[in-house]
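The next block holds one structure in the form of structure tokens; read it before the comments.
All of the numbers you see were taken from the coordinates with simple rules; none came from a lab. Source: prediction; values computed, not measured. Note that each Cβ is placed from the backbone with ideal geometry, even for glycine, and that neighbours are counted across all protein chains shown.
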């Protein structure tokens, strides 16, 4: 086992511990029949926790790199796809957890008060901040910079081709003769990019 694998296992145990705390808290709310804690999202939260504990246990002891080596690259790709789905569902879980706990706090629900509620709330907030900083912010920057680059390229091409537009308006007959050359040039550029 290398250092990264050991860190993954330790992090996995921490994640499982927090998930178990969250599950026992939600189960407690069901057991005592806390009326102000009734929420349709709570069932999703509990099912997610069970799924997440199983998935984390699998990935802790059988990471994607090991899966690709042992089972093959195709299964490794499926494994990565499941990790992406898990990441998306986890994001939804943390948002729902924040919403449910926030509702309980705003309503001052006495029967829901528990240190596990506070831990779940802080953990969910931290996870959302981490996910935004590691995933959403870089994607936003990439999309924004790509859009800026595309706009710059279009503007540069437009400036370069402005004389062509002017010529087409002033002398359409001469411009019609340039169409075959322009199409050939465009098709050559497309073939060159493939």
Sorted largest first, the Cα spans of the stretch 17-66 on the principal axes come out in Å as 47, 18, 11
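Could you calculate the FRET efficiency of residue 103 with residue 136 from 1/(1 + (r/R0)^6), where r is the beta carbon distance between them and R0 is 22 Å, rounded to 0.05?
Result of the calculation: an efficiency of 0.35.
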Across all Cα atoms of the stretch 80-154, Rg and the largest Cα-Cα distance (Dmax), in Å, are 17.7, 60
Over all viewing directions the Cα convex hull of the stretch 3-136 casts an average projected area in nm² of 8.8
So, with points 7 Å from each Cα along the Cβ direction, the residue 3-residue 20 label distance in nm works out to 2.9
